[in-house]
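Only one structure is covered here, and it is reproduced in the block below.
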Amino acid sequence: MYDIIIIGSGAGGATMAYRLADSGKKILIVERGDYVPVEKENWDSVEVFEKNRYTTTDLWLDKHDKPFRPGMHYNVGGNTKFYGAALFRLREEDFKEIKHYGGVSPAWPIQYQDLKEYYLEAEKLFHVHGKRSSDPTEPFDSEPYPNPPLPHEARIQEVVDELFNYGWHPFNLPIGVNFKPHETANAPYTLDRFDGFPDAAERKGDAHLCSLTKALEYSNVELMVNTKVLRLNTNEDGSKITEIVVEQNGETKTLTSDLVILSAGAINSAALLLESKSEKFPNGLANSSDQVGRNYMFHQNTALVALYTETQSYEIWKNIRN
Ligand SMILES: Cc1cc2nc3c(=O)[nH]c(=O)nc-3n(C[C@H](O)[C@H](O)[C@H](O)COP(=O)(O)OP(=O)(O)OC[C@H]3O[C@@H](n4cnc5c(N)ncnc54)[C@H](O)[C@@H]3O)c2cc1C
């Protein structure tokens with residue numbers, strides 16, 4: 001019997017575990033994957049992108065029931081082991097009603113101001129580097145980012161300068177990276193092979209390194225890997241989730257807890273709620289709206305790619321920590 005079970009060890013689960021660790025409660029984090037191995041293939045583009053070495057081999061079905069292999073990573077630290085660590089805050093407008101092409105997204109029950117202080121906390125935890133207000137769409141905060149912005153590579157800096165001359169506002173992405181003490185003025189380094197790759201040098205501000213390892217320093221926090229949650233069970237009147245059913249080494253078992261926190265990622269959290277059907281909840285849990293698992297959206301990404309024939313100078317990186 002646990003006080004708190006947290007499902008998933010990604011950005012949400014690991015950070016929640018760290019935040020609750022000093023409560024003294026008996027906390028279990030259940031993670032379906034294992035640790036990402038630190039190996040030379042971590043930085044091998046063919047292994048990572050062509051052979052999909054680190055994504056799940058599970059197949060999902062698209063809306064035409066055609067199987068496909070999703071770009072999902074099931075491992076300790078979740079997708080943050082592979083993310084680009086560009087750590088933006090949501091904008092104030094995101095919490096308000098927004099009219100999209102396909103319909104209206106209703107206002108959230110909370111506002112940006114309700115989360116503001118937690119954003120700051122998270123930026124500290126994930127070692128975010130950036131320059132406040134250099135992005136004109138960023139909400140105001142009088143406290144600077146915890147670390148100075150990462151400088152651009154020399155050629156990119158030239159592009160930035162030219163864009164400024166045209167009246168544009170290019171800015172340094174807020175990036176979560178925890179430089180090692182030896183990576184100071186004299187040691188040149190780059191963040192080459194960062195977005196999409198696990199960071200063998202362990203500088204990426206990911207949930208495993210920034211939150212989970214700190215949470216696990218507390219004796220009341222336990223991590224169970226290679227353990228997949230299959231369904232959630234409620235108490236008799238359906239007011240509360242009290243049990244989770246897990247599969248571990250081919251065996252199925254039931255774990256009980258006073259509180260269950262579902263942080264298995266946007267898709268798998270919804271899938272688990274839908275899988276947890278019962279006589280009382282024929283549409284799955286928390287789904288009286290029939291909206292669980294619907295209206296999933298992905299962020300818009302536009303990239304400008306230019307090929308440059310001259311070798312890059314990394315001189316600028318040498319000065320970054322001066
Ligand atoms: C290549 C890539 C680049 C990205 N770049 C950025 C970026 O630059 N900036 C940004 O903000 N975001 C980025 N993201 C997105 C970001 O990684 C996710 O938004 C974030 O990790 C979500 O956190 P989460 O805790 O909700 O889920 P996850 O991090 O996905 O964690 C969920 C965890 O739950 C586990 N789990 C799932 N189902 C079960 C189950 N049934 N039982 C037990 N455990 C389970 C998973 O194994 C996983 O560890 C990127 C993602 C990818 C893949």
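I'm told Leu150 meets every condition in (1) exposed (fewer than 14 other Cβ atoms within 10 Å of the Cβ); (2) part of a loop (DSSP other than H, G, I, E, B) except one. Can you identify the failing condition by its number?
Condition (1) is where Leu150 drops out.
State all residues of segment 3-34 that are near the ligand (Cβ under 10 Å from one of its atoms), in contact with a strand residue (DSSP E or B) (Cβ under 7 Å, 6 or more places away or on another chain) and small (Gly, Ala, Ser); if no residue qualifies, say none.
Across segment 3-34, the qualifying residues are Ser9, Gly13, Gly33.
Looking at segment 64-121, which of the residues that are in a loop (DSSP other than H, G, I, E, B) and acidic (Asp, Glu) is nearest to Arg19 (Cα to Cα)?
Among those that are in a loop (DSSP other than H, G, I, E, B) and acidic (Asp, Glu), it is Glu97.
Residues that are farther than 21 Å from Asp192 by Cα and within 16 Å of the ligand (Cβ to nearest atom): does segment 35-50 have at least one?
So the first thing to find is which residues in segment 35-50 are farther than 21 Å from Asp192 by Cα, and the list is 35.
So of that shortlist, the ones also within 16 Å of the ligand (Cβ to nearest atom) come out as 35.
Yes: segment 35-50 contains one or more residues that are farther than 21 Å from Asp192 by Cα and within 16 Å of the ligand (Cβ to nearest atom).
Picking from Phe88, Phe95, Phe68, which residue would you name as being within 16 Å of the ligand (Cβ to nearest atom), of a type in the set (A, V, I, L, M, F, W, C) and more than 18 Å from the chain's Cα centre (by Cα)? Walk me through how you get there before you give the answer.
Values: Phe88 fails: more than 18 Å from the chain's Cα centre (by Cα); Phe95 fails: within 16 Å of the ligand (Cβ to nearest atom).
Sole residue among the options that is within 16 Å of the ligand (Cβ to nearest atom), of a type in the set (A, V, I, L, M, F, W, C) and more than 18 Å from the chain's Cα centre (by Cα): Phe68.
Cβ contacts < 7 Å: first residue touching a residue at least 60 places away in the same chain (Cβ under 8 Å) and farther than 23 Å from Lys204 by Cβ, restricted to segment 1-24; second residue more than 15 Å from the ligand (Cβ to nearest atom) and among the polar types (S, T, N, Q), any location; separation 6+ or different chain. Result?
Met1/Thr256; Gly24/Asn220
Read-outs: derived from the displayed coordinates by stated rules, not from any lab. This structure is a prediction, so every number in the text was calculated from the model and none was measured. Cβ: placed from backbone, ideal geometry, glycine included. Neighbour counts: every protein chain shown.
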